[in-house]
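First up is the structure itself, then whatever we jot down about it.
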Amino acid sequence: MKPVYMINGFLESGKTEFIMYTLAQPYFQTRGRTLLILCEEGENEYDAALLKQSHTVLELIEEESEFAPDRLIELEKKHKPERIIIEYNGMWNYKEMKLPWHWKIEQQITTINAATFPMYFTNMKSLLAEQIRKSELIIFNRCDGVEDLGSYKRNVKAINPKAEIVFEDANGEINEILEEDLPYDLKAPVIELDSNSYGIWYLDSMDHLERYEGKTISFVGMVLKPKQFPKGYFVPGRMAMTCCAEDMAFLGYACEYAKTDALENQQWVKVTAQVEKAYFEDYEGEGPVLHAISVERAKAPKEEVISFV
């Protein structure tokens with residue numbers, strides 16, 4: 001079987017940039033020839049030096065009628081490639097596409113220009129759906145300035161629930177946590193945080209405090225009583241391994257509690273508190289401040305250190 005890598009997407013969706021990035025990676029500098037079949041020419045051209053370096057030959061098929069098994073077999077006989085990459089034309093009917101019987105699609109990827117996605121989703125939904133339906137990876141690029149990436153993800157997941165979705169802006173991949181990906185229910189009367197979800201809550205509340213203002217959270221944490229803190233405040237939190245065993249940090253936010261004096265450093269407690277946005281001197285600005293509803297003694301968790309590794 002001849003391995004085929006199918007790259008879908010409408011014109012100017014970033015297909016060429018993605019393929020050039022892939023060809024330039026060290027893991028792609030393999031023996032054997034790669035046949036790259038280009039089904040439309042966009043504004044970006046392939047770099048001749050990169051094609052030579054990656055042992056890639058480029059063939060252009062501009063008419064949909066020519067993208068047929070007989071023509072594809074001719075190209076295979078001509079170049080004798082080890083693998084084939086197809087930059088497919090997004091305006092061609094993917095359902096009608098036919099490959100030679102011995103060509104097997106190893107991976108299918110769809111690139112989407114986030115700036116034009118609403119237009120294509122509204123006006124060419126059937127063509128877009130065919131691109132998305134069998135793709136393992138969906139890459140939204142040009143996400144700069146797009147506020148509701150969550151709706152983009154929901155629209156794609158409705159078509160292909162199993163697809164991995166990546167968002168990218170001018171700086172690269174966006175690692176932002178979308179609300180629907182949170183491992184807890186923001187609408188619950190009390191948001192219960194376990195060892196796995198505590199770190200996610202800590203990071204997400206740093207970036208999206210508006211999601212948690214006025215909400216009640218509950219978690220088991222260790223007591224930290226910094227000397228510089230004002231009376232009636234402590235920090236309940238967890239030790240976290242952010243990179244390796246040598247890279248440890250205590251993750252927690254200031255908590256107002258009238259009986260702070262009765263607490264001991266490194267004591268384990270279960271805290272139920274309301275989250276508010278407020279100025280705190282130690283933050284040097286505004287940030288999450290907890291207002292304790294209850295603080296009770298608790299047993300140490302089975303895994304005292306959480307990990308981001």
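Rolling a 1.4 Å probe across the protein heavy atoms gives region 99-220 an accessible surface of 53 Å² per residue. Taking only Cα atoms, what is the 0 to 90° angle, nearest 10, from helix 69-79's long axis to the longest principal axis of the chain? It works out to around 90 degrees.
Across region 13-27, computed HN-Hα scalar couplings (Karplus, 6.51 cos²θ - 1.76 cosθ + 1.60, θ = phi - 60°) run 8, x, 4, 5, 4, 5, 5, 4, 4, 5, 4, 7, 6, x, 5 Hz from first to last residue, x flagging Gly and Pro. Distance between Cα centroids, region 139-213 to region 5-56: provide it in whole Å. Each part reduced to its Cα centre gives a spacing of 31 Å. Simple point charges give the picture: +1 on the Cβ of Lys and Arg, -1 on the Cβ of Asp and Glu, and for region 49-142 a dipole about the Cα centre of about 300 debye. Distance between the pseudo-spin-label points of Ala298 and Lys157 (7 Å out from Cα toward the beta carbon): 2.7 nm.
Across region 150-269, C-alpha contacts under 8 Å between residues 6 or more apart give a mean separation that, scaled by the residue count, equals a relative contact order of 19 percent. Which of the residue pairs Lys231/Lys299; Lys227/Lys302; Lys80/Lys134; Lys187/Lys215; Lys77/Lys134 have a Cα-Cα distance greater than 18 Å in the structure shown? Correct reply: Lys231/Lys299; Lys227/Lys302; Lys80/Lys134; Lys77/Lys134. The GluC sites (Glu not before Pro) found in region 185-218 that occupy coil by DSSP, while having at most 16 further C-beta atoms within 10 Å, are Glu213. Between Glu64 and His79, the modelled label-to-label distance comes to 2.3 nm, taking each label 7 Å out from Cα in the direction of the beta carbon.
When the dipole is taken about the Cα centre of region 1-106, and only Lys, Arg (+1) and Asp, Glu (-1) are charged at their Cβ, what size is it in debye, to the nearest 20? The calculated dipole for region 1-106 is roughly 780 debye. Between the Cα long axis of helix 195-207 and the first principal axis of the chain there is an angle of about 80°, rounded to the nearest 10.
Largest mean-square fluctuation among Pro118, Pro226, Pro288, in a Gaussian network model of the chain whose springs join Cα atoms under 10 Å apart, belongs to Pro226. Counting only Cα atoms, the size of the chain along its three principal axes is 82, 43, 33 Å, in decreasing order. Sequentially through region 210-217, phi angles give Karplus couplings (6.51, -1.76, 1.60; θ = phi - 60°) of 4, 5, 10, 4, x, 7, 9, 10 Hz, Gly and Pro residues having no value and appearing as x. Residues in region 121-138 carry Karplus couplings, in order, of 5, 7, 9, 9, 4, 5, 5, 5, 4, 5, 5, 7, 4, 10, 8, 7, 10, 10 Hz; the curve used is 6.51 cos²θ - 1.76 cosθ + 1.60 with θ = phi - 60°, and Gly or Pro positions show x. Taking 7 Å steps out from each Cα toward its Cβ at Glu213 and Glu17 produces label points 3.4 nm apart. Using every pair of alpha-carbon atoms in region 168-309, split the distances into 10 Å bins beginning at 0 and state the percent of pairs per bin, rounded to integers. Per 10 Å bin, starting at zero, the Cα-Cα P(r) for region 168-309 comes out as 11, 41, 37, 10, 1, 0 percent.
Treating only the Cβ atoms of Lys and Arg (+1) and Asp and Glu (-1) as charged, compute the dipole magnitude of the chain about its Cα centre; round to the nearest 20 debye. Could the numbers behind the result be given before it?
Working: 34 positive and 52 negative charges, 252 e Å.
Roughly 1200 debye for the chain.
Tell me the carbon and sulfur percent of the accessible area for the chain, rounded to whole percent, probe radius 1.4 Å. Using a 1.4 Å probe with all protein chains present, the chain comes out at 49 percent carbon and sulfur. Annotation: amide H-H contacts under 5 Å for Gln107 (H modelled 1.01 Å from N, sequence separation of 5 or more, or interchain): Val4, Met6. Relative contact order of region 2-100: 44 percent, from C-alpha pairs under 8 Å at least 6 residues apart in sequence.
Summed over the residues of region 1-92 and divided among them, the accessible surface reaches 53 Å² per residue at a probe radius of 1.4 Å. Counting only DSSP H runs of at least 4 residues, each contributing -39500 (n - 2.57), and dividing by the residue count of the chain, the helix-based mean residue ellipticity at 222 nm comes to -6500 deg cm²/dmol.
Hey, got a sec? Which trypsin sites (Lys or Arg not before Pro) in region 1-84 land in a DSSP loop and have at most 16 other Cβ atoms within 10 Å? The partial results should precede the final answer.
Working: sites: Lys15, Arg31, Arg33, Lys52, Arg71, Lys77, Lys78, Arg83; in loops: Arg31, Arg33.
Within region 1-84, the qualifying trypsin sites (Lys or Arg not before Pro) (loop, at most 16 other Cβ atoms within 10 Å) are Arg31, Arg33.
Restriction of the trypsin sites (Lys or Arg not before Pro) in region 202-240 to DSSP coil positions whose beta-carbon has at most 15 other beta-carbons within 10 angstrom yields Lys227, Lys231.
Could you tell me which of rounded, prolate or oblate describes region 115-211, using a ≥ b ≥ c as the square roots of the eigenvalues of the alpha-carbon gyration tensor, with rounded for a/c under 1.5 and, failing that, prolate when a/b is larger than b/c and oblate otherwise?
On the way: a/c = 2.27, a/b = 1.81, b/c = 1.25.
Here region 115-211 falls in the prolate category.
Taking amide H as placed 1.01 Å from N in the peptide plane, the amide H of Ile191 sits under 5 Å from that of Thr216, Ile217, Ser218, each at least 5 places away or on another chain.
The values are calculated or read from the model by the stated rules, or taken from the named source; none is laboratory data. Quantities reported herein were computed from a predicted structural model and do not represent experimental measurements. Here the Cβ is made from the backbone with ideal geometry for all residues, glycine too, and neighbour counts use every protein chain on show. With ligands, DNA and RNA removed, areas are computed over all heavy atoms of the protein, side chains included. Shrake-Rupley method; radii C 1.70, N 1.55, O 1.52, S 1.80 Å.
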